[in-house]
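A quick write-up on the structure given underneath.
The values are calculated or read from the model by the stated rules, or taken from the named source; none is laboratory data. Quantities reported herein were computed from a predicted structural model and do not represent experimental measurements. When we count neighbours, we look across all protein chains shown, and the Cβ atoms used for this are built from the backbone with ideal geometry, even at glycine.
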Amino acid sequence: MYPPMWLRYSCLGLLLVSGCNSMEHVESSRLNEQGVACLQNRQFDQAHAKFAEALKQDPQNADTLYNLASTYQRNNQPREAEKYYKQALQINPNHAACRHNYYVLLVDENREIEAKADAEKWRSQHPQSADALAQCAWLTRLSGDLPAAQKQLEQALALEPKNPEALLEMGKLYQDLHMPVRAKAMYGRVLEVDPYNEEAGKLMKATQPKK
């Protein structure tokens, strides 16, 4: 079986921001990269410290707010995590990974209705967003409505065939439908787009026949 919910962290998005080359922004990006490296080495306290310092350098950086929120969530401080997720989404409402982690938090607190309402609102505001559809599909799958989730994922992949979140979620849906060959194919497509996707890699191994 696969772990039902994984937290996301912003690794490369910081390098893609254009139009701002201030020293504060450069230092914030450097600290964020160091924080993500700490996470990859499971140095969670050090990661949190790096993200907190990055926020001091650039308080309006959505990636920093998101990464900091994720460390609060990992440390079982949901109120602090929720505060920073919401701040990040005010700056960048289409931050898909932030949406995902925020919804994980809500689901963990048995606030699925709230999560689904927020996701549906996001989708209604951005009907051509594959990211929004993928998050709606994830929440729909968790509620047990697999046909509706599959329809949403098909719509997402029609809009963006290489969307890694939609491909990953389609793989999970196929596992729920006991279709491991199709699930494995979806995880393979995720890894073609994102070779370092840890979740897809572990799920791919889980679909391998046992010897």
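Some notes on this structure:
- Put simply, of LYS172, LYS121, LYS116 the only residue that is touching a residue at least 60 places away in the same chain (Cβ under 8 Å) and within 23 Å of CYS98 (Cβ to Cβ) is LYS172.
- Hey, THR71 crowded, with 23+ Cβ neighbours inside 10 Å, β-branched (Val, Ile, Thr) and farther than 27 Å from GLN40 by Cα or not: no
- Region 50-105, residues that are over 21 Å from CYS136 (Cα atoms) and not in a helix (DSSP H, G or I): ASP58, PRO59, GLN60, ASN61, ASN75, ASN76, GLN77
- Enumeration of residues in region 2-49 that are at pLDDT 50 or above, part of a loop (DSSP other than H, G, I, E, B) and of a type outside the set (Phe, Trp, Tyr): LEU7, ARG8, ASN21, SER22, ASN41, ARG42, GLN43
- Contact map, region 59-84: first residue over 16 Å from SER28 (Cα atoms), second residue modelled with pLDDT under 90, Cβ cut-off under 6 Å, separation 6 or more or different chains; pairs are SER70/LEU7; SER70/TYR9.
- Any hit, region 123-143, residues being at positive phi and surrounded by fewer than 14 Cβ atoms within 10 Å (Cβ to Cβ): no
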